[in-house]
């Protein structure tokens, strides 16, 4: 559906450009937008590589085990059926740490790895387990202590104070996690009743 929407918007802008006599302006805007998109992708690639490298160093140095111990009260509450030293829990902790540090792009491969491990523990069934559902909630509505990707974007686009969004991000992400976890727990209990 989005393909049709974007195609329609492009087509309408070309038609309006032709009929208004400003086709050159439409073409210039398209080229400028494409160039800016490439610059932004290269800038974000650097941030993603940096944080992915740090995540790998943390994993290899044993720092993730320290984070696992620090986060164990939370993870035991959210994922009571997962063993604390399992590969799934390690992947979940790595993902949570990446999200806490605002490394959304680096958290994605870690989230995929966590979901693969949770799927193995689920026995590759067609229905997602409660732990898988809870992980999707935690990953999607994660608390970000340092929204580094957003700060990097704001800095790339010339913000005078790119880090001024930190407090609003804390408030929004905490509210999102609380609501998401509550909804997942309510639906988990309802699922047991059915």
Sort out which residues of the range 125-146 are out of contact with any helix residue (DSSP H, G or I) (no Cβ under 7 Å at 6 or more places or on another chain) and at pLDDT 90 or above, and write them in order of number.
136
Return a yes/no flag: does the range 146-156 have any residue that is farther than 30 Å from residue 36 by Cα and surrounded by fewer than 18 Cβ atoms within 10 Å (Cβ to Cβ).
no
Residue that is modelled with the lowest pLDDT [pool: residues in the range 167-194 that are in contact with a helix residue (DSSP H, G or I) (Cβ under 8 Å, 6 or more places away or on another chain) and over 17 Å from residue 139 (Cα atoms)]
191
Could you tell me which residue of the range 67-112 is surrounded by the fewest Cβ atoms within 10 Å (Cβ to Cβ), considering only residues that are part of a loop (DSSP other than H, G, I, E, B) and in contact (Cβ under 8 Å) with a residue 40 or more places away in the chain?
81
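Residue-by-condition table, conditions (1) surrounded by fewer than 10 Cβ atoms within 10 Å (Cβ to Cβ); (2) under 25 Å from the mean Cα position of the chain (by Cα):
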{"residue": "3", "(1), (2)": "yes, yes"}
{"residue": "8", "(1), (2)": "no, no"}
{"residue": "12", "(1), (2)": "no, no"}
{"residue": "16", "(1), (2)": "no, no"}
{"residue": "23", "(1), (2)": "no, no"}
{"residue": "27", "(1), (2)": "no, no"}
{"residue": "30", "(1), (2)": "no, no"}
{"residue": "43", "(1), (2)": "no, yes"}
Condition test on residue 27, is it closer than 30 Å to residue 185 by Cβ and touching a helix residue (DSSP H, G or I) at 6+ places or on another chain (Cβ under 9 Å)?
no
From the options 17, 8, residue that is touching a helix residue (DSSP H, G or I) at 6+ places or on another chain (Cβ under 6 Å), more than 25 Å from residue 150 (Cβ to Cβ) and free of Cβ contacts under 8 Å to residues at least 40 places away in the same chain:
17
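The values are calculated or read from the model by the stated rules, or taken from the named source; none is laboratory data. The structure displayed is predicted, hence computed values, not measured ones. Here Cβ is always computed from backbone atoms with ideal geometry, including for glycine, and neighbour counts include all displayed protein chains.
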